Amino acid sequence: MTRSLHRKGLKRAAFAAGAAFTVVAAVAGSAPGAGAAPASPPGTPQLKLVAASKAVTADRYEGNSGVYLDLGTYVTVDNAPLELKVTRKSYKDPIVAQQILRNGSKVTTKTLPAGLVKDFGGLPDFLEVSIKNAAGVEVQKSKSNFCLNNASGRLRPDAPATSHYPESCSTNPFTLGSVWGVEKGWAANTSAFDYDRPVDLAAGEYTVKVAVAKKYRDLFGIPDDRPTIALTVREISDGGEGGAGGGGGVGLTAHSATGSGHGASHDMAGMEGMEGMQGMAGMGGGHHYGPRGADAPTPSALSHALEDRGLAHHLGDGAGHTDGSRVAPALKSATKRPTGRAGVPANVPKPDLRSLPAWDIAVTDGEDGDVAGKDYLAFSANVWNAGPAPLVVDGFRKPGADLMDSYQYFYDAKGKQVGYAPAGTMEWDPRIGHEHWHFTDFASYRLLAADQKEIVKSGKEAFCLANTDAIDYTVKNANWHPYNTDLSTACGQQNSISVREVLDVGSGDTYTQYRPGQSFDITGLPNGTYYIQVIANPANRLQETDTKNNVSLRKVVLGGTEGARTVSVPPVDLINAP
């Protein structure tokens, strides 16, 4: 596939919103309803499609292209949790999805049909949606995916107080393992998902009918209920007034008729967490807001952090915990640098940093701050932690210094700190869009010649660590609820005297190379074959369980002419993600 484009506007990170507790609770009384499924055997979840409201209102804003719909439809789960384990052995192997059935201490698995699950973004074509106008004419018919981890909430007060399942579905093309689940007595939003796919509806009144696709009704024993929702599309002008009229627009949220407005999105979470993003008023402006492109607080690719981390008793090893995850070490940095001789016991758990092949590769004419008239090769890259221990790095600053001294910390199986080791430095990055502390030598990027030896170009090597992507939540000690999922949680301020940065087990840190000075300047570079090399822990300053998996390569073929360069990106085995 050949790609040549100028990256502009907002690139949304895959994101699952916080629980829609009020909306979900409203449907609890109507859950049995007509078409209710017969009682399920112990350990088998009982599912049902319900609508939280009989009517919803969606806003379309003047000057944009469509309406984002949250119809407030949910899949309720009772009798037992609904849990799926989705994995692939390698990029040469297809994805395998299994349903995990838990009946007390007895655990059985049921393999879903081969080819049903095609990626790690959810169950494909799960919900069928038909929209008719006031005259009864069908104007839209579509299917949408269902992320089980999306916008969950309790149905009744005796249900588990918190969900131990992850809070999003990964859209990283090189994800290896995911866990999707809805607790018993909970519900998950089915219609607040595709925030990259607005629906082109004019202002007016509509009737929407939703249904679960037959293949999933048969697979999970879901009754053939088809809720009907009255939809009002309301146009919002630049002045914020609602009413009928012409012009297209985008409604980023859909509000229920009761005014609760709790519907949330897998991709954008109703724009929560976007405060502070530069240029949000002009989303079509000249900045690339990727997961890490702006290097500023942006929506995480996983979830909102658990604000009451110390009370998250549902996480960790022990009776009743099915995931095996451990609560990460304290997220606040130590008040002072470690004392005594540095050292690490030989048998202490360590992280395992692994690099993924680059993706999202394109030729651009640069971003604000790049040299005009040049060609740049931009890309996304990820280094993740396969465990079994988190990567924990503290930085300590001497008064007035521009660098922090960094130390890597080590913990035993009970979470007790048992050692530390020097790990380079952290530096303050004053550039607009950064303005926080970067840990140096975490990863490096190089553009190699066809022989994979000659270094043609080198890239950025300093970062603030964040758990932006769930790469494999099936590895030992994977933490399904990492805290620092965006850069606002761990990167410090200019006046910080210490900083702690954590890369948790199972998660990775995606850095999108679209900021000035980060992409490769390919102006004048001959057409031909090259390789983007991603190296984790390039200076070996971090201690790991294995350093043989730290390097990845992605083949690219440059073509075109100056000012109109192209790039062709061959697949990586079964992964066709240029």
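Count neighbours as other Cβ atoms within 10 Å of each site's Cβ, and list the trypsin sites (Lys or Arg not before Pro) in the stretch 88-139 that are DSSP loop with at most 14 such neighbours.
Lys89, Lys92, Lys118
So how much slack lies between Val418 and Asn549, counting 0.36 nm per residue of separation and subtracting their Cα-Cα distance, in nm?
Separation in residues times 0.36 nm, less the Cα-Cα distance, equals 44.6 nm.
Assign one of three labels to the stretch 74-126, namely rounded, prolate or oblate, based on the Cα gyration tensor with a ≥ b ≥ c the square roots of its eigenvalues; rounded applies when a/c is under 1.5, prolate when it is not and a/b is larger than b/c, and oblate otherwise.
In terms of gyration-tensor shape, oblate.
Go ahead and run the numbers for FRET between Ala372 and Thr207, Cβ-Cβ distance against an R0 of 60 Å, rounding to 0.05.
About 0.70, to the nearest 0.05.
Evaluate Rg over Rh across the stretch 117-156, taking Cα atoms for both radii and Kirkwood's formula for Rh.
In the stretch 117-156, Rg relative to Rh is 1.16.
I'd like the distance separating the alpha-carbon centroids of the stretch 530-559 and the stretch 109-145, in whole Å.
Taking the Cα centre of each part, the stretch 530-559 and the stretch 109-145 sit 38 Å apart.
At what distance in nm do the modelled label points of Asn103 and Asn133 sit from each other, each positioned 7 Å from its Cα along Cα→Cβ?
Result for the modelled spin labels: 5.3 nm.
Which of the peptides 465-477, 73-85, 134-146 is most tightly packed, and how do the rest follow, going by the mean number of other Cβ atoms within 10 Å of each residue?
Final packing ranking: 465-477, 73-85, 134-146.
Please compute the length gained on full extension between Asp402 and Glu562, using 0.36 nm multiplied by the number of residues separating them and subtracting their Cα-Cα distance.
Full extension of this stretch gives 53.6 nm more.
Sequence-distant or interchain residues sharing an amide H contact under 5 Å with Gly419, placed H: which?
Phe410
Mind running the shape call on the stretch 358-416? Use the C-alpha gyration tensor, a ≥ b ≥ c as the square roots of the eigenvalues: rounded below 1.5 for a/c, prolate if a/b tops b/c, oblate otherwise.
Cα axes put the stretch 358-416 in the oblate bin.
Once you have the alpha carbon radius of gyration of the stretch 40-128, what is it after dividing by 2.2 N^0.38 Å, with N set to its residue count?
For the stretch 40-128, the normalised Cα radius of gyration is 1.48.
Based on the Cβ-Cβ distance from Ala114 to Thr474, what FRET efficiency comes out when R0 is 30 Å, to the nearest 0.05?
In this case the efficiency is close to 0.95.
How far apart, in nanometres, would the label points at Val344 and Ser496 be if each is projected 7 angstrom from Cα along the Cα-to-Cβ direction?
2.1
Using modelled backbone amide H atoms (1.01 Å from N, in-plane), which distant-in-sequence or interchain residues come within less than 5 Å of Ala55's amide H?
Those qualifying (amide H under 5 Å, at least 5 residues apart or on another chain) are Ala230, Ala257.
To the nearest 0.05, how large is the calculated FRET efficiency for Asp224 and Thr523 if R₀ is 60 Å and r is the Cβ-Cβ distance?
0.50
Enumerate the calculated ³J(HN,Hα) couplings along the stretch 56-72 in order (Karplus 6.51 cos²θ - 1.76 cosθ + 1.60, θ = phi - 60°), each rounded to whole Hz, writing x wherever the residue is Gly or Pro.
Here the 3J(HN,Hα) series is 9, 10, 10, 9, 10, 9, 4, x, 10, 10, x, 10, 8, 9, 10, 7, x Hz.
Every number here is computed from the coordinates shown, using simple stated rules; none is lab data. Being a predicted model, the structure only gives us computed values, none of them experimental. Heads up, the Cβs are rebuilt from the backbone with ideal geometry, glycines too, and the neighbour counts pull from every protein chain shown.
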